[in-house]
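**Student:** Just passing along the structure, written as structure tokens.
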Amino acid sequence: MEALKLPKSYREQVEILKRRGLRFTDEKGAEKILSQVNYYRLINAYSLDLYAPTCDPSAEPTYANGVSFFQIYDLYCFDTKLRQLVSSLIEPFELEFKTKLAYYLSQKYCSTCYLSSGIFQNPHFYESFKQEVEREKQQQCRSPIVAHHNEKYDGVLPIWAAVEILSFGAVSKMFKNLNAADRQAFSLTNYRAPEWYLTSWLGCFVEARNICAHYGRLYNRNLLLRARMFSDYRSKINGYKIFSVIFLAFKLSSDTSLKLSSAVRLRAMLAQHTSVDLNRIGFPENWSEILSAVGSIQDVNSQIDLED
């Protein structure tokens with residue numbers, strides 16, 4: 001087992017990067033940035049495609065000719081803004097999905113149907129879900145929702161209250177474990193798509209949301225789950241890249257103002273952060289036109305130009 005690396009000062013970190021061929025125009029400024037953003041987060045995450053090719057895997061990596069510290073920091077800054085934008089698009093979908101699912105199940109069955117094994121297909125997943133509900137109730141025992149139901153209803157939450165204390169991931173798992181008939185009926189009624197499409201979208205949305213919540217990297221990253229695409233877009237959009245999530249959020253949202261403001265923000269971000277490679281985030285060259293079409297946004301480009 002190798003010994004762990006020794007800690008390095010900010011000055012030493014800059015010297016290591018210089019030795020690897022990274023260009024600097026302001027070394028003091030770089031040290032300040034490294035004091036604010038962990039070297040491990042900044043350099044290791046955003047240098048992935050910036051190294052020179054080598055035939056010796058044991059050799060110390062060196063940067064391709066011309067790569068600068070600013071370029072890496074520029075990618076980091078873009079990715080920070082991208083996480084914020086993706087979060088703002090996923091949040092309304094999450095809230096609407098929880099609302100629609102609670103309404104559908106309570107109307108068809110009863111207010112506590114989520115506690116009954118009869119509507120689920122896998123007993124093991126159902127038991128795991130019930131345990132998660134109980135954990136959340138204990139952890140959030142002082143929240144107004146849980147405290148009210150503890151005092152008045154012996155701790156029993158109706159489904160429309162339960163979805164408010166459960167994570168997006170937990171509610172997504174609950175949906176995926178529903179019997180096939182309910183999954184299909186819910187998907188077709190609320191999203192005009194087969195259930196296997198909605199299931200894939202939920203998986204991607206939950207993954208992207210968790211990445212954003214934990215300040216993870218979206219740039220130059222493949223999602224673990226592939227988003228199913230409509231036939232018109234299968235050849236145009238990579239379902240493993242973050243643009244697929246943005247595209248679906250536009251497609252499934254009825255909030256025109258949110259979509260327009262998001263398109264404006266994206267255009268401004270890409271204009272400001274010139275180090276970004278569109279392929280690394282799955283953006284087609286005509287991404288603006290694609291979002292305009294699915295987002296029912298009139299004359300998006302002219303709106304964006306006015307904003308810029």
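Bear in mind that the values in this text are calculations on the coordinates, not laboratory data. If you're wondering where the values come from, they're calculated on a predicted model, not measured in any experiment. Note that we place each Cβ from the backbone using ideal geometry, even for glycine, and neighbour counts take in every protein chain shown.
**Student:** So what's the back-of-envelope 222 nm ellipticity for the chain, counting only DSSP H runs of four-plus at -39500 (n - 2.57) apiece and dividing by all residues, rounded to 500?
**Tutor:** My calculation for the chain gives -18500 deg cm²/dmol from helical runs alone.
**Student:** Determine ³J(HN,Hα), in whole Hz, for all residues of region 68-73 in sequence, where each value follows from phi through the Karplus function 6.51 cos²θ - 1.76 cosθ + 1.60 and θ = phi - 60°; x replaces Gly and Pro.
**Tutor:** Those phi angles translate into 10, 4, 4, 4, 5, 5 Hz.
**Student:** Please enumerate, by chain and number, the lysines with C-alpha under 20 Å from the C-alpha of residue 173, excluding those fewer than 8 residues away in the same chain.
**Tutor:** Answer for residue 173, where 20 Å is the Cα cut-off: 98, 100, 108, 130, 137, listed by chain and number.
**Student:** Let me make sure I get this right: for the chain, a, b and c are the square roots of the gyration tensor eigenvalues over alpha carbons, sorted descending. Under 1.5 in a/c it's rounded, otherwise prolate if a/b > b/c, else oblate. Which is it?
**Tutor:** Here the chain falls in the prolate category.
**Student:** Which length gain, in nm to one decimal place, applies between residue 153 and residue 2 when the Cα-Cα distance is subtracted from 0.36 nm times their residue separation?
**Tutor:** 48.6 nm
**Student:** For a label point 7 Å from the Cα of residue 140 along Cα→C-beta, name the residues of region 170-212 whose backbone N is under 18 Å from it.
**Tutor:** 170-175, 206, 209-210
**Student:** Specify whether the C-alpha gyration tensor of region 10-67 places it in the rounded, prolate or oblate class, a ≥ b ≥ c being the square roots of the eigenvalues: rounded for a/c under 1.5, otherwise prolate if a/b is larger than b/c and oblate if not.
**Tutor:** Prolate.
**Student:** Among 176, 108, which comes first, then next, by fewest other beta-carbon atoms within 10 Å?
**Tutor:** Fewest-to-most Cβ neighbours within 10 Å comes out as 108, 176.
**Student:** Moving on. Nearest 20 debye, what's the magnitude of the dipole of the chain about its Cα centre given +1 on Lys and Arg Cβ and -1 on Asp and Glu Cβ?
**Tutor:** 360 debye
**Student:** Further question: With everything on Cα atoms, drop me the angle between helix 242-252 and the longest principal axis of the chain, reported from 0 to 90° to the nearest 10.
**Tutor:** 40 degrees
**Student:** Report relative contact order for the chain in percent, whole number only (criteria: Cα-Cα under 8 Å, sequence separation at least 6).
**Tutor:** Relative contact order, the chain: 16 percent.
**Student:** If you average the sequence gap of Cα pairs under 8 Å that are 6 or more apart and divide by the length of region 49-137, what percent do you get for the contact order?
**Tutor:** Computed over region 49-137, the figure is 11 percent.
**Student:** Quick one: if you stick a label point 7 Å off each Cα along the C-beta vector at residue 256 and residue 31, how many nm between them?
**Tutor:** Reported label-point gap for residue 256 and residue 31 is 5.5 nm.
**Student:** Using the number of other C-beta atoms within 10 angstrom as an exposure proxy, rank 255, 26 with the fewest first.
**Tutor:** The fewest-first ordering by Cβ neighbours comes to 26, 255.
**Student:** Compute the helix-to-body angle for 144-153: its Cα long axis versus the longest principal axis of the chain, expressed 0 to 90° and rounded to tens.
**Tutor:** Result, in degrees: 20.
**Student:** Longest span of the chain, sites excluded, free of GluC sites (Glu not before Pro) in DSSP loop with at most 12 other C-beta atoms within 10 Å?
**Tutor:** In short, 3-284.
**Student:** Fewest first, what order do 174, 229, 1 take by the number of other Cβ atoms within 10 Å?
**Tutor:** Placing the least packed residue first, the sequence is 1, 229, 174.
**Student:** Moving on. Report the extension gain between residue 124 and residue 84 in nm, rounded to one decimal, defined as 0.36 nm multiplied by the number of residues separating them, less their alpha carbon distance.
**Tutor:** Residue separation times 0.36 nm, minus the Cα-Cα distance, leaves 10.8 nm.
**Student:** Can you list residues from other chains, or at least 5 along the same chain, whose modelled amide H is less than 5 Å from the amide H of residue 63?
**Tutor:** When sequence neighbours closer than 5 places are left aside, the close amide H contacts are 21, 22, 52.
**Student:** Normalised by the number of residues in region 10-67, what is the relative contact order in percent for Cα pairs under 8 Å and 6+ residues apart?
**Tutor:** 44 percent
**Student:** Does region 229-291 classify as rounded, prolate or oblate by the C-alpha gyration tensor (a ≥ b ≥ c root eigenvalues; a/c under 1.5 gives rounded; else a/b over b/c gives prolate, otherwise oblate)?
**Tutor:** Since a/c reaches 1.5 but b/c is at least a/b, the shape of region 229-291 is classed as oblate.
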